[in-house]
1. Is it the case that the range 235-248 has a residue that's in the same structural domain as Ala185 (by TED's automatic domain parsing), part of a helix (DSSP H, G or I), surrounded by fewer than 20 Cβ atoms within 10 Å (Cβ to Cβ) and of a type outside the set (D, E, K, R)?
2. Any residue in the range 126-148 that is closer than 11 Å to Gly167 by Cβ and assigned by TED's automatic domain parsing to the domain that holds Val160 sitting within a Cβ distance under 7 Å of a residue that is in a loop (DSSP other than H, G, I, E, B) and among the small types (Gly, Ala, Ser)? List the pairs, counting only those 6 or more apart or interchain.
3. Scan the range 315-355 residue by residue and report those that are in a helix (DSSP H, G or I) and under 15 Å from Lys260 (Cα atoms).
4. Quick check on my filter: what residues within the range 159-174 are closer than 23 Å to Ala185 by Cβ and surrounded by 13 or more Cβ atoms within 10 Å (Cβ to Cβ)?
5. When you scan the range 311-334, do you find a residue that is surrounded by fewer than 22 Cβ atoms within 10 Å (Cβ to Cβ), among the charged types (D, E, K, R) and farther than 25 Å from Val181 by Cα, even just one?
6. Has the range 226-245 got at least one residue that is over 18 Å from the mean Cα position of the chain (by Cα) and within 19 Å of Lys332 (Cβ to Cβ)?
7. Condition first: of a type outside the set (Asp, Glu) and touching a Gly at 6+ places or on another chain (Cβ under 7 Å). Can you find one or more residues in the range 292-310 that meet it?
8. Quickly run through the range 162-201 and pick out the residues that are within 22 Å of Tyr324 (Cβ to Cβ) and at pLDDT below 85.
Amino acid sequence: MTGKQRQMAELQPRPFGELKPYNPSLRERIGWGASDLAAALGVGRYGQQDISRAVGELVDFIPFVGEGAGADETRRAWNRGSYVEAGLLGLGTLAGLALVAGDFAGKGMKKLASRSVNIYALPIKPARAFELDYPFGAKADETGRLLEDIDGRPLTAERVVGRRAVGGEDVPLLPSEHDAVTEAAIGSRPAAVEAKALPRRSVGTYVEGYSPTGDPERDIYVLKTLPPEKKDMVVAHEMGYMFDSLAREWKSDPKANIPKGARSELNFVYNDLNNPDLNMARQRGADVERTPRKVYNGYNPEDLDYKAGPEADGELAAEFGRAYLADPNYVKTVAPKAAKWWRERVNPHPLFKDIIQNSLAAALAPAGLMGTLAERDKR
């Protein structure tokens, strides 16, 4: 076609698209159904819109319904000629079906998922004096940098969580450092994904599998719609899964038996950071730190449908890992035995000893806390 022919063609009137009735997607039909129900109950127009939108997003959390919505969206993308989009949606739907099938059959990739959207920030504890953490002195270089943890193990990692210098304060791992640590440990950074890419009823997951060449692959995924502060907490929780899983693999101990004293402290930390009743009471300013009320105590992974045994233990360890990364002073105050157990598994690890270590001391827990733990052991 010559330049003049192209110019004349551009001047020709183009036909408008054919007007057809709109065919809503399965996701939209479900959302509209919820909106109609809300209208019947007297909810206002804007409230109906919010409910419709929220239900449409929650579809992805319903086994097989979410995958059905994904298959419907794949078909619609293909029919309108968006083949790349259809391919990506199809892969996501197949992955979702594989995850659901794995949940029901107990097979497939190893998925260690975070199901708690009520994950909370750590309570602030008074800072401990350096001498209480290193009662027998600390080995350091000429600049004051600590060379050993309290157990005498070398501190060689690029990042040390806890004390880094003689007389120095405890240093956490900042959210801005999450990417660097996970990339160094497993070769990938945490990725924000749609709900359909996560195991059902979860907001984050640590996945272990194998590439087509047989090489191990490990990844962390987090729900992209989480608020930034919740996203950081969930990523840290999944990093806790990463530490625990790699430590089990290194120790050749798939059950990762938790010492009795450490278990009580892991249970305490889990309740402290996940119990919605306890944390809502704190937000109201209630004095709940030493209350015997059951509603504020005993919240555990089984309350989120983790199976008792290795699955629940892995969740306990993952949440302790989040706590240790976020506030080492909190951990050594409330869970000294668990901190010691964690150091034994992480600090000498062939991989972590160059990436990240923990200098927490085996401090004595306050008498009030020990009483709380003892009462919990009796229940």
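The values are calculated or read from the model by the stated rules, or taken from the named source; none is laboratory data. Owing to the predicted nature of the structure, the values given are computational and were not obtained by experimental measurement. Here the Cβ positions follow ideal geometry from the backbone for every residue, glycine too, while neighbour counts run over all protein chains shown.
1. Looking only at the range 235-248, we keep the residues that are in the same structural domain as Ala185 (by TED's automatic domain parsing), and these are 235-248.
Checking which are part of a helix (DSSP H, G or I) leaves us with 235-248.
This time we only want the ones that are surrounded by fewer than 20 Cβ atoms within 10 Å (Cβ to Cβ), so: 248.
Pick out the ones that are also of a type outside the set (D, E, K, R) and you get none.
No, the conditions are met nowhere in the range 235-248.
2. Listed by first residue and then by second, the contacts come to Phe130/Gly167; Asp133/Ala361; Asp133/Ala363; Tyr134/Ala361; Leu146/Ala138; Leu146/Ser359.
3. Kept after step one, since they are in a helix (DSSP H, G or I), are these residues of the range 315-355: 315-326, 328-334, 336-346, 352-354.
Leu316, Ala317, Pro336, Lys337, Ala338, Ala339, Lys340, Trp341, Trp342, listed by residue number.
4. Of the residues in the range 159-174, the ones closer than 23 Å to Ala185 by Cβ are 159-164, 170-174.
Scanning the range 159-174 gives Arg159, Val160, Val161, Gly162, Arg163, Arg164, Asp170, Val171, Pro172, Leu173.
5. Checking the range 311-334: not a single residue is surrounded by fewer than 22 Cβ atoms within 10 Å (Cβ to Cβ), among the charged types (D, E, K, R) and farther than 25 Å from Val181 by Cα.
6. Pass one, the range 226-245, residues over 18 Å from the mean Cα position of the chain (by Cα): none.
Scanning the range 226-245 turns up no residue that is over 18 Å from the mean Cα position of the chain (by Cα) and within 19 Å of Lys332 (Cβ to Cβ).
7. Quick first cut of the range 292-310, residues of a type outside the set (Asp, Glu) only: 292-301, 304, 306-310.
Pick out the ones that are also touching a Gly at 6+ places or on another chain (Cβ under 7 Å) and you get none.
No: zero hits.
8. none
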